[in-house]
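Undergrad: Below: one structure in structure tokens.
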Amino acid sequence: MCSDPVGKPGNIPALVEEAYDWPLTNGLHMHSRVTVNRNSGGIAGSTHTLNTNHLEGFHARVMAVLKNGCGEVIYVTPPEAVGVDANQFFLRWEDWFEWTKPVDLMVTQRTASLQVVNSRGGNDTTDNFNRLRGLACSYWEAQRQACPIPTL
């Protein structure tokens, strides 16, 4: 069933997904790698930003979308803020960000697939998070569980 754990608890391999956006927009390049620990819960991410624009820096966001075996959204991480300065003196400017999010084991054990979403940020990212959160909360309400996702 869609709501069942994806394997025997304690023996479920980690789920890893990456998103490359080269360029995401106007000189901003992003590469994010996210790992879901399906045995102990939690999400760990790493995002590399690179800027080839000499005039402006960038702020961006990354989210992880977790889905069950039927492809239903069961969790979305609040957007993680990343950024990179303008390229002043070099051919490019870059930075690396490591981040973690606590996620309940009841969610991670039901995660069959993962999507990483890199975005420029702003209202579109907030709207996308709220839309995905609504889908996930509807799933948990149907399971007679409280929604495990914080609001922004």
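Undergrad: In debye, nearest 20: dipole of region 4-152 around its Cα centre with unit charges on the Cβ of K, R (+) and D, E (-)?
TA: Values: 12 positive and 15 negative charges, 94 e Å.
Computed charge dipole of region 4-152: roughly 460 debye.
Undergrad: Kindly state, to the nearest 0.05, the FRET efficiency for residue 3 paired with residue 120, given R0 = 35 Å and r defined as their beta-carbon distance.
TA: 0.50
Undergrad: Please compute the Kirkwood hydrodynamic radius over region 61-148, one decimal place, Å, based on all pairs of different Cα atoms. It would help to have the intermediate numbers written out before the result.
TA: Numbers: mean 1/r = 0.0688 Å⁻¹.
Every distinct Cα pair counted, the radius reaches 14.5 Å.
Undergrad: Label points 7 Å out from Cα along the Cβ direction at residue 81 and residue 146: separation in nm?
TA: Here the answer is 2.7 nm between the modelled labels.
Undergrad: Run the quick spin-label model on residue 48 and residue 25: label points 7 Å from Cα toward the beta carbon, then report their separation in nm to one decimal.
TA: Computed distance between label sites residue 48 and residue 25 equals 2.3 nm.
Undergrad: So, one more: Given DSSP loops and a limit of at most 14 other Cβ atoms within 10 Å, what is the longest stretch of the chain that contains no such chymotrypsin sites (Phe, Trp or Tyr not before Pro)? Provide the component values of the computation, followed by the final result.
TA: On the way: sites that count: 89, 90.
The segment 1-88 is the longest one with no such site.
Undergrad: Check each of the GluC sites (Glu not before Pro) in region 1-68 and keep only those in coil by DSSP with at most 15 other C-beta atoms within 10 angstrom; list them in order. Walk me through the numbers before you get to the answer.
TA: On the way: sites: 17, 18, 56; in loops: 56.
Sites meeting the loop and neighbour criteria: 56.
Undergrad: Sticking with this structure for a sec: Grab every C-alpha pair in region 1-124, bin the distances at 5 angstrom width from 0 up to the longest one, and report whole percents.
TA: 2, 12, 21, 19, 15, 11, 8, 6, 3, 2, 0, 0
Undergrad: Here is a further query. If contacts are Cα pairs under 8 angstrom and at least 6 residues apart, what is the relative contact order of the chain in percent? Numbers along the way, then the final one.
TA: On the way: 361 pairs, mean separation 41.3, N = 152.
Relative contact order, the chain: 27 percent.
Undergrad: Another one. Which peptide among 38-51, 113-126 comes first, and what is the full order, when sorted by highest mean count of other Cβ atoms within 10 Å?
TA: Working: 38-51: 19.1, 113-126: 16.1.
The densest-packed peptide leads the list: 38-51, 113-126.
Readers should treat all values here as calculations from the given coordinates under stated rules, not as data from a laboratory. Everything numeric in this text was worked out from a predicted model, so none of it was measured. Note: ideal-geometry Cβ built from the backbone for every residue, glycine included; neighbour counts use all protein chains shown.
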